[in-house]
1. Any idea how far apart ARG873 and ALA564 come out in nm if each label point goes 7 Å out from Cα toward Cβ?
2. Could you pull out the pairs from LYS355/LYS529; LYS496/LYS550; LYS105/LYS377; LYS496/LYS529; LYS562/LYS635 whose alpha carbons sit more than 24 Å apart here?
3. Given a Förster distance of 60 angstrom, what is the FRET efficiency for THR236 paired with ASN485, based on the Cβ-Cβ distance and rounded to 0.05?
4. Tell me, in nm to one decimal, what length is gained between ASN459 and ASP493 on full extension, where the rule is 0.36 nm per residue of separation less the Cα-Cα distance?
5. Using a 10 Å cut-off on Cβ atoms, rank the peptides 206-212, 394-400, 778-784 from the highest mean neighbour count down.
6. Between ASP306 and SER665, how many nm apart are label points set 7 Å from Cα along the C-beta direction?
7. Mean separation of Cα pairs under 8 Å and 6+ residues apart, divided by the residue count of the stretch 811-872: what relative contact order is that in percent?
8. In Å and whole numbers, how far do the C-alpha atoms of the stretch 379-474 stretch along each principal axis, longest first?
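The values are calculated or read from the model by the stated rules, or taken from the named source; none is laboratory data. Being a predicted model, the structure only gives us computed values, none of them experimental. Heads up, the Cβs are rebuilt from the backbone with ideal geometry, glycines too, and the neighbour counts pull from every protein chain shown. What goes into the accessible areas is simple: the full protein's heavy atoms, side chains included, and nothing from ligands, DNA or RNA. Shrake-Rupley method; radii C 1.70, N 1.55, O 1.52, S 1.80 Å.
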Amino acid sequence: MRRSALVAAAVSLLLPLSALAAAAPATGAGTSGSSGPTGSTGSAGNPEAPAYRSPELSTTTRLSDRRSLVVGDRFYAMGAEDGTYPATGWHTRGEMGGFWTPPIKVLDGLWFKLGDSWLGAQKYTSGWGYQRMDLGTHDGVRVTRTDFAPDGIRAGLVGLRLDTKTATTLHLAVDAHSELMKVYPWGGTTPSQSDYNLPDTGSVSGNSLLFREDGTPPVPNAEAHHYAALVGSDLTPTGTSLGPDHRGPQDPANVCTTSGGDSAGNPCDDTAFGKGTGGQLRYTVDVPAGGRTVWFSVAGSDDGVDAAQAAQTAALQDPAALLQATVAHRRTVDEQSRVSLPGDPLLQQSVQWSKQNLAESVQEARGMQVRVSHEGKEYPPSAGTVAKARWIGAGFPDYPWLFATDGEYTGFAAVASGQFQAIEDHLRALRDVSLIANGDSGKVVHEVTSDGQVYYGANSDAGNTDETAKFPSIVALVWRWTGDNAFRDSMYDFAKQNLHYVYDHLDTDGDGWPEGSGNVERPGMGAEKLDVAVYTIRGLRDLADMAASKGDTATRDWASSKAADLEKRFEKTWWYGPQAQQYADSLDDPGNNQVFQRHWIGLTPVEAELHRPGQADGPVASLDHARTAVAQREKPCYTGQYGLYHTGTGATSDAKGNPGPTCDSTTSTAPSDREVFTLTTSIMAVAEAALGRMGDGQMARYADDNATVQLDPSVWELPGAMPEISPSPDFGANIDKLFTERSMALQAWGTYGVLWPVVHYELGVAPDLGNNRVQVVPQVPDGQHQVAGTDVRLGDGSVDVHASRTTDQVATSVKQTGTEALTIGALLPAGAHVASVTVDGSTAAYHVIQTARGSEVLADGGSDPGTTALVVRLK
């Protein structure tokens, strides 16, 4: 019932193109103050016209409590959905929102005024690559604001649409408050932004406000700052003002301490880290009958005024065309891996928006000066430069930079949605920064800000072992989905170094189980972590696969032998039963004593898929233990309303001393943590799917949990955005917290639990293009009749998949554009047996194999482009 009611609500907000089409107002003549597309009239420059719009999600409630977000690869902006700009984020308290062109922030905010009234939103809409705010009707003129950040330009654009039936003249003012500030240092590092951030200056340059930060901070090894921001239009202002305020309706600003919040707990407009200044531009705007659009640009650079001016010129040359191109690109993203899930329309819609979440998370920086800060304790000279880096930003607003862990999970979502270039770029960036920071040790850095600062993961840091162990797996994943041997070859030496580093430096007791940090670091854990062990086994298998493809038999044999040894000993070493019916979270040395704490990583032996020669792909865990572990996690001591807890409850109380439901009598050395991360729920969704558990209460339940927090108007904060943490007992909900105390409004890793289970397991797409083959074995969930997907990208080609299920047959149809050897199949319903098999209408040879998903019927589909149809009649 919960899902059905939600589907109706969510689908009603997904506007088809037919619903967007509206009669365009007649094109009016040019008016004074208008120049080219910036002052365009009629429908040609109307951001609300169909050519400039996509499917949308809207909300009208609690707009001042919700964060807004638009992202391009060189620029992004975050405020509130009512059009204000509260102090936001916590890395540098209150300064993570506003307008950014990585690696610098340029503005705290931008506000508009008509006559004597500052404009505030009454409705907020998320589209693909843009946001729109309905600002009400003023003196007979309906006003909307459309914000977007075109890719490739260090500028954001804001279009004010002024619609009126009769010609009129308006007095428009624009306030802007600067904050030129580099992404690092942060508020609590050494040095901190209190020392590093310099005061801004403001002036008027031509038709624009110009803000600058010039000078060198009084910090050892600090680089000279030549930061600049321009705010303007190609309209000619009738007046300007400069001064320390100019925050629109937020004047006088509530400037809080660097800890955020004031003594009364009120929201902040700024914090003491801020050293910006302000300005205002005023205009007299003639609006013809039929309306017009006035475009404004916020442009910036960390390379001086000329570079900022070039960005502004590029942005204002034809804003409407840039918006149209942005939406067109996002529609291309939507066309890839398009699915039809009639039995679960909520999940189908989440696939659609999750693809957009990934696309809008891509970031780019130039001239990254790599320096190792040792967790923010020092600011050394640059060790080298990465000329250009692109990556999938982990989360906005506090984690929009380059991460290993996040990217390695997000990689599965990226290949499933056909976004190959983004994940290839991400892996190249990790390699390039790691080589500068760590030499050729093979260690992968953990966290890199957009200026090149490596916060954690240098050779001298403890680092996260799992990130280094996982890197070969993501390279292999991309290689299998793309068949890109050049990419494999460019990454191969580094991937070999990864696992040799693990065993040369991180297995001090020589037992094969590496020591070091994994995804969970809590008191009482042993040195050897479960997720590290699991991902090391997978990394070894994937390295061996790539080595075999290259004829590197020494590496193949070394990696295969180590993996086989660990697999043989895995269950005896790690299974913590029968008392808990789970895997131990860690091993304590000496003696490899099991430590059980109920963390979400207990599912990684089921979630991680192994590729082994001569065997069906499947989990690290034994099948019996895998099923037991997953079934146990479905119980309320591990699962809450919106997904899987970080740490389950048991005989102990939770972190706040509250008793929880008990699933076992085992005493844990850690308190429960009933926070629901979209990553933990993703792990559960993938684990369920890996075992063929696709129905209600299983994969469908957990994938729908992530879809719910992304798409349910009663739950979401930012419509259509996958958050970092879902509403949960020990966290609460972002919307109820101060803007300076929230988790991420958009976090890419949550898309893993939507895109991968649907494309890889439900549609059953399993390419191995590096070895010129692809297997497609769909599974139609119990209680459903069909699933389908089109344009699932495989290298330069694609497959379309349609699977159906009735009481007496299962059928699969695959249309491929490539020439890889196709194995086509279907998963038998539980208890069913094969009566006959046909391929393209003719009786065909087949075989049945037992996998973790169940009984799979496989047949040869040939290698010619075209459509192949398999029908399995049941008895």
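1. Simple spin-label model gives 4.4 nm for this pair.
2. LYS355/LYS529; LYS562/LYS635
3. 0.60
4. Contour length minus Cα-Cα distance gives 10.4 nm.
5. Those peptides, ordered most packed to least, come out 394-400, 206-212, 778-784.
6. Those two pseudo-labels are separated by 7.8 nm.
7. Value for the stretch 811-872: 52 percent.
8. Ordered largest first, the stretch 379-474 gives principal extents of 39, 26, 23 Å.
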